[in-house]
Structures are given as C-alpha cells and as structure tokens.
C-alpha cells in the first residue's frame, strides 16, 4: 500500500499489491469481499510530490498554503468530472464505464483521487510479439475512430489514447475506458498535462509552452495501430513504415503519425474514411 489514505468505499474490497506505479499514479487489483468480483482501483496523488507545493510557494504562484490546497482540490474535482464524462459516453458501445470516483484528504496537504473500474482485458495485455491480422487492425482502427468521433461530438478531444486505456468487451468490441477528455474549446489555450505524455501522443505536445494539437487523437489511433501491426513494437520511432504487405494500410498509419501535424489525417472521421476504403 502507499502512504495515502484509502477511500471509505474501498473497505468492502481486498486490495492486492500494486501492478503499476508512475508519476503519482498507483493501480491496484481489487476484489469485492462479498461476491468476488474483480476491479481495478487507481489512485492519483495531487500533488505528485511535495516539491511541487514548495515550488508554488517559493515562486509566488500562490500566496499561501491554503490557496495551494484549494488549487489541488479543484484538480481533484476535475478528475471526478472526467469520470462523469466517461460514464455519460458509456451508453455507446465504444466506451466502458467507471464504477466510482472518490476524493480523500492527504495527511498534510493535497488529495488522493480513487477511481474504481470493473476489471477488463486491455489491449495492452494482448499486444504480444505476434502481429495482429490485417482485418483486426482495421477493425481496431475503425472502432477507435468511432469512439474519438463520438467524443468530439460531445465537445471533447480524447488525449488518453494508448493500449492500457483500450479494453475488450465480451463480444470483442474495443472500448475506451479511462480519463483523458479535454474540451475542444480549450485546445488553443491549454498545454497537454504531463500525465498524458506517452509515445502515443504527438511530440509537439510534449512541451508545456505548446497548446494541444487538434490531431492528438488521430495520432494516438495511428500509433496504437502501428503497435498492433508490428507485433507489439511500440512506436518510439516512426521513421519507417510498419512491416506489412499491405502498403495502403501502412501508408494510412504513417500519415496518422506524421511528425508534421498539417500532414496528418485532419480528424478521426477522415482517418475512418481511409480505413473503410481499403476494407
């Protein structure tokens, strides 16, 4: 267990050893003590580390420790709003739901946000050294595009695209199932939060002085497809096409992941059109 307080609602669950620890985020397997149902409990610590509070105070960003803590509480509430957005979209077959979101106080300053979700198989678990068949890669791409389109229709850009956030339903449907929603209206003014920096987000967004790219979701879809088509090889370097006999599919993926934003697919709709044309 971490040194953070545990949300009261988790008293009915048995938490196992953490299986993922990064950037102030810890994930635990959780089992319901009454019925044995399995869940994933994710705790996000705000702030990630005490030095952030010191930096805020020393720089004069906030005049007092109370103001800093108020800022942290707003961040915690925003994460729960993210969970609510996911649940609102889960009426669609392209999204799954979150069971609960709880905020707890840390011992001195800051908050822990506990996100509880049903355990599901993720795309990350099945991405092995064996490449996905062409038909499955296209199916994955089309379903991720549909999810990204619905997200945009709801007024948000999804910036959390990565295999760990993509889940497989009982009927084989690929679904988005984690937070990462940014209002489309805020894109020109907002930098990508550091917790979303991955090889599945455009390099130009890995800069606190750069606003979020409008093609962040299409880049993420392309990078995930690259990963699936290359037998589990992460898209750390996209300077060469994925190894496949299907040049059209390869070209579609490379265009989605182009280092130059203006050369990428403009939105998930145009990317889906390209994928549909080669089915």
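Working carefully through the options 233, 255, find the one that is touching a helix residue (DSSP H, G or I) at 6+ places or on another chain (Cβ under 8 Å) and farther than 23 Å from residue 126 by Cβ. Among 233, 255, only 255 is touching a helix residue (DSSP H, G or I) at 6+ places or on another chain (Cβ under 8 Å) and farther than 23 Å from residue 126 by Cβ. On the stretch given as region 26-53, residues that are part of a loop (DSSP other than H, G, I, E, B) and crowded, with 16+ Cβ neighbours inside 10 Å total 1.
What is the residue count in region 116-134 for residues that are outside any helix (DSSP H, G or I), in contact with a strand residue (DSSP E or B) (Cβ under 7 Å, 6 or more places away or on another chain) and either under 18 Å from residue 161 (Cα atoms) or free of Cβ contacts under 8 Å to residues at least 60 places away in the same chain (or both)?
Residues that pass the stated criteria total 4.
Here is a check on your reading of the model: is residue 56 assigned to a helix (DSSP H, G or I) and more than 19 Å from the chain's Cα centre (by Cα)? Step through it out loud before you land on a result.
Working: assigned to a helix (DSSP H, G or I): yes; more than 19 Å from the chain's Cα centre (by Cα): yes.
So residue 56 fits the description; yes.
Per this entry, residue 6 is not counted among residues that are modelled with pLDDT of 95 or more and either surrounded by 14 or more Cβ atoms within 10 Å (Cβ to Cβ) or within 22 Å of the chain's Cα centre (by Cα) (or both).
Results for (1) within 20 Å of residue 75 (Cβ to Cβ); (2) part of a helix (DSSP H, G or I); (3) in contact with a strand residue (DSSP E or B) (Cβ under 6 Å, 6 or more places away or on another chain); (4) touching a residue at least 40 places away in the same chain (Cβ under 8 Å), shown as yes or no for each residue.
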{"site": "142", "(1), (2), (3), (4)": "no, yes, no, yes"}
{"site": "179", "(1), (2), (3), (4)": "yes, no, no, yes"}
{"site": "200", "(1), (2), (3), (4)": "no, no, no, no"}
{"site": "207", "(1), (2), (3), (4)": "no, no, no, no"}
{"site": "220", "(1), (2), (3), (4)": "no, yes, no, yes"}
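Against the condition modelled with pLDDT under 90, buried (at least 18 other Cβ atoms within 10 Å of the Cβ) and in contact with a helix residue (DSSP H, G or I) (Cβ under 9 Å, 6 or more places away or on another chain), how does residue 249 come out, does it pass?
No, not satisfied.
The values are calculated or read from the model by the stated rules, or taken from the named source; none is laboratory data. Please read all numbers here as calculations on a predicted model, not as lab measurements. Virtual Cβ from ideal backbone geometry, glycine too; neighbours counted across all protein chains shown.
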